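The next block holds one structure in the form of structure tokens; read it before the comments.
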Amino acid sequence: MVAPATPPPAPQPTRSRRPRTIAWAVSAVVLAAAAAVLLARWFLEGTHAGRDFLERYPGATPLPSWAPRGLPVWLEWQHFLNAFFIVLVIRTGWMIRTTARPAASWSRRRGGARIAIEVWAHLSLDLLWIVNGVVFVVVLFCTGQWVRIVPTTWGVIPNAVSAVLQYLSLDWPTEDGWVNYNSLQLLSYFAVVFLAAPLAAVTGVRMSPLWPAAATRLSAAYPVRLARAIHFPVMLFFVGFVVVHVGLVLSTGVLRNLNHMYGHRDDTAWWGLAVFLASIAVMAGGWLLVRPTIMRHAGALFGRVGR
């Protein structure tokens, strides 16, 4: 008589290694940040080379004598509109990336290619953002404000390094954005306005239905895979910039900074904070309104919306 086969042992539950991996990653980041702070403080305060470097390059380059002082009202409005549009551009771009099935399709009334309603919303907001950016750049150069965010001397590079070291040492550089940005701010704003924004625009056009299908040579020279490989990292750059930018605004004299950007004044009154909070409410409302129902109604005003 054959003995019954012994059933295989039940699989033992295994602990997920994800919490342990996250804990190790967080610990490594904290240790690296602490080491960076200690090294920066040691170099700037404990070495002759560091003290000499800080004295020679305090973190900002002087502006020309003709440079405008203060931030005009138009710049404050442009700042709000740029932030508003870019938040919604990021919102719709993320919807395109994560939506498996479009909520609806959109096409022109006279016919043409049908595109997802999320793509139509993204392209429409892109257009508004680009128009706002073009107006900003034109007025920036017409008023002389360009000199505040465009490098005019090679000295901006070592001064930017100095600013980075001062931030790392937690003895932050003196903030006087009403008069002059430090060199790290200058290079950051230059990169956003004149590098990242154009890259986002030209890669977005390549990925959109606006790209001419008959331009075979141009398409071969500028493949859509290259555009996709650039477009998403540029979006992540904008997200990172916004997080760091807002963090520094709130931690380096919040009332004065917000009055610069929203109050057209250089003091510590509460007006700028009030306008800032109102602008955040408007952006949050725009974020919540970007949903399929609203996009279908908006799309129907400019074309045909279907399933």
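The values are calculated or read from the model by the stated rules, or taken from the named source; none is laboratory data. Small disclaimer: the values here were computed from a predicted structure and weren't measured. For neighbour counting, all protein chains shown are included, and Cβ atoms are generated from backbone atoms with ideal geometry for every residue, glycine included. We work out accessible area using only protein heavy atoms, side chains counted, and drop any ligands, DNA or RNA first. Shrake-Rupley method; radii C 1.70, N 1.55, O 1.52, S 1.80 Å.
The figures follow:
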{"item": "Condition broken by residue 54, with the remaining ones in (1) at pLDDT below 90; (2) surrounded by 11 or more Cβ atoms within 10 Å (Cβ to Cβ); (3) farther than 30 Å from residue 279 by Cβ satisfied", "result": "(1)"}
{"item": "Yes/no for residue 139 being open to solvent by 40 Å² or more (accessible area, probe 1.4 Å), part of a helix (DSSP H, G or I) and farther than 24 Å from residue 250 by Cβ", "result": "yes"}
{"item": "Condition met for residue 126 (outside any helix (DSSP H, G or I) and charged (D, E, K, R))", "result": "no"}
{"item": "Residue within the range 186-205 that is within 30 Å of residue 68 (Cα to Cα) and among the β-branched types (Val, Ile, Thr) present", "result": "yes"}
{"item": "All positions within the range 57-75 that are touching a helix residue (DSSP H, G or I) at 6+ places or on another chain (Cβ under 7 Å) and either surrounded by 18 or more Cβ atoms within 10 Å (Cβ to Cβ) or hydroxyl-bearing (Ser, Thr, Tyr) (or both)", "result": "57, 59, 60, 61, 71, 75"}
{"item": "Qualifying position, being open to solvent by less than 40 Å² (accessible area, probe 1.4 Å), farther than 27 Å from residue 263 by Cβ and aliphatic (A, V, I, L, M), among 186, 165", "result": "165"}
{"item": "Tally, over the range 77-121, of residues that are open to solvent by 60 Å² or more (accessible area, probe 1.4 Å) and of a type in the set (A, V, I, L, M)", "result": "3"}
{"item": "Matching option when the condition is surrounded by 15 or more Cβ atoms within 10 Å (Cβ to Cβ) and farther than 30 Å from residue 261 by Cα, among 40, 28", "result": "40"}
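Rundown of residues vs (1) touching a strand residue (DSSP E or B) at 6+ places or on another chain (Cβ under 9 Å); (2) open to solvent by less than 60 Å² (accessible area, probe 1.4 Å); (3) assigned to a helix (DSSP H, G or I), yes/no style:
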position: 204; (1), (2), (3): no, yes, yes
position: 211; (1), (2), (3): no, yes, no
position: 227; (1), (2), (3): no, yes, yes
position: 231; (1), (2), (3): no, yes, yes
position: 237; (1), (2), (3): no, no, yes
position: 240; (1), (2), (3): no, yes, yes
position: 261; (1), (2), (3): no, yes, yes
position: 264; (1), (2), (3): no, no, no
